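K.L.:
Structure provided below as structure tokens; questions to follow.
The values are calculated or read from the model by the stated rules, or taken from the named source; none is laboratory data. Just so it is clear, the structure is predicted and the values come from calculations on it, not from any experiment. Using ideal geometry, Cβ is built from the backbone for each residue, glycine included, and neighbour counts are taken over all protein chains shown. Surface areas here come from the heavy atoms of the whole protein model, side chains and all, with no ligands, DNA or RNA. Shrake-Rupley method; radii C 1.70, N 1.55, O 1.52, S 1.80 Å.
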Amino acid sequence: MSEPGTPTLDQLKVFLTVVDVGSFAGAARQLNRASSVVSYSISNLEAQLGLTLFDRETTRKPQLTEAGRMVLAEARRVAGGIDSLRAKSKGMLQGLESELHIVLDTLLPEERVVDALTSFREQFPTVTLHLYVESLGSVTRLVMERIATIGVAGPLVSLDGIEKEGIGSVRMIPVAAPSHPLAIAEENLPGAGREHVQLVLTDRSTLTKGRDIAVVGTSTWRLADLSSKHMLLKAGIGWGNMPEPMIAEDLLTGRLVKLEMPDSIGGDYVMDAIYRTDSPPGPAGRWLIQRFKDQA
């Protein structure tokens, strides 16, 4: 055939279900259709495109051909676009949300949180707000599991079905109590941080499993919340990176000091507003995201 035809959305849906389930029979059960109907839909899709999508002869289970893998990527993109369109249309039809569940990264500066939520209450007095505070991958997990509609998350790998909008960053700097050896030393050579306990914020989700962010110490204490890390740092137990706005007063009063370390100079912790592609925020949620973006 010189030109491929136009597949239907239903054909793409059947194709994606076969791939996700791993068999024609399983797809038939999930779609509540006869196996012959599923097979017929795939055959019609292949005829429309002029491509063989599954290898049905050399394996017991249908395996994607090279052409099938290409079509899979495009089919997911099309299906995702349709889901996004339907979700946004649903949001417009429903109007203003009656309640909004949001989850914020614990590293988001306090003044930004207060500004956004105070303004939100004034703008939307009838919308009930449910607030969660988590760290690292736990923010994304709550959005993925639909516990929260909107999240403010730190840097993570891109995930299918999750949309991201940049809202700025927070400066992270290495600090310790003035009595700590790293603070007393006239000069810290590369690798000095490895000789002392580093206090590290741990991820209660599995999304950053195997990944350490800004960890150089070989001896670490893993803490579940930022306030505990802050407390131990001031007590002289270890060193670690902290958001600069949170410890500004400690630096002024000398309770903490900024460390000069060649292998840990701090940096920007980039943040994004995130939400599910199939469940975008309504008017109140969109307003809140824009508020965070305006702050940046």
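K.L.:
I want to check the label-to-label distance for Ile184 and Glu110. Put each point 7 Å from Cα in the C-beta direction and report it in nm to one decimal.
P.N.:
3.0 nm
K.L.:
On to the next question. Considering only DSSP beta bridges where both residues belong to the chain, give the percentage that are antiparallel (nearest 5).
P.N.:
Within the chain, antiparallel bridges account for around 55 percent of the total.
K.L.:
Explain nothing, just the number: dipole magnitude of the range 40-169 about its Cα centre with +1 on each Lys and Arg Cβ and -1 on each Asp and Glu Cβ, in debye rounded to the nearest 20.
P.N.:
Charge dipole of the range 40-169: 520 debye, to the nearest 20.
K.L.:
Report, to two decimal places, the Cα Rg of the range 228-276 normalised by 2.2 N^0.38 Å (N = number of residues).
P.N.:
Against the compact-globule rule of thumb, the ratio is 1.37.
K.L.:
Here is a follow-up. Residue separation times 0.36 nm, minus the C-alpha to C-alpha distance between Thr6 and Arg222: what's the value?
P.N.:
So the chain would gain 72.4 nm between Thr6 and Arg222.
K.L.:
How much area per residue is accessible in the chain when the probe is 1.4 Å and only protein heavy atoms are counted (Å²)?
P.N.:
55 Å²
K.L.:
Hey, with R₀ at 25 Å, roughly what FRET efficiency would Ala296 and Leu131 work out to, going by the Cβ-Cβ distance, to 0.05?
P.N.:
Calculated value: 0.80.
K.L.:
Kindly list the residues of the range 153-197 that lie in the label zone of Glu74, defined by a backbone N under 11 Å from the point 7 Å along the Cα-to-C-beta vector.
P.N.:
none
K.L.:
Can you quote the Å³ per residue value for the convex hull of the Cα atoms in the range 1-137, rounded to an integer?
P.N.:
194 Å³
K.L.:
A further question on this structure: Send over the per residue convex hull volume for the chain, Cα only, as a whole number of Å³.
P.N.:
Taking only Cα atoms, the chain has a hull volume of 187 Å³ per residue.
K.L.:
Among Ala79, Ala177, Ala25, determine the one that fluctuates most according to a GNM of the chain built with springs between C-alpha atoms less than 10 Å apart.
P.N.:
Result: Ala25 has the largest fluctuation of those listed.
K.L.:
How large is the direction-averaged shadow of the alpha-carbon convex hull of the range 1-56, in nm²?
P.N.:
Mean projected area for the range 1-56: 3.6 nm², to one decimal.
K.L.:
Taking only DSSP H segments of four or more residues, each worth -39500 (n - 2.57), what value at 222 nm results for the chain once the sum is divided by all its residues, to the nearest 500 deg cm²/dmol?
P.N.:
Only helices count here, giving -13000 deg cm²/dmol.
K.L.:
Please work out how much length the chain gains when fully extended from His196 to Glu165, using 0.36 nm per residue of separation minus the C-alpha to C-alpha distance, in nm with one decimal.
P.N.:
That works out to 7.4 nm of additional length.
K.L.:
Over all directions, average the projected area of the Cα convex hull of the range 104-200 and note it in nm².
P.N.:
That works out to 9.2 nm², a quarter of the Cα hull's surface.
K.L.:
Based on the alpha-carbon gyration tensor of the range 36-108, what equivalent-ellipsoid semi-axes (square roots of 5 times the eigenvalues) come out, in whole Å, largest first?
P.N.:
39, 18, 11
K.L.:
Which pairs break 27 Å Cα to Cα here: Lys13/Lys164; Lys61/Lys164; Lys13/Lys61?
P.N.:
Checking Cα-Cα distances, Lys61/Lys164 exceed 27 Å.
K.L.:
At a 1.4 Å probe, what is the % contribution of carbon and sulfur to the accessible area of the chain?
P.N.:
52 percent
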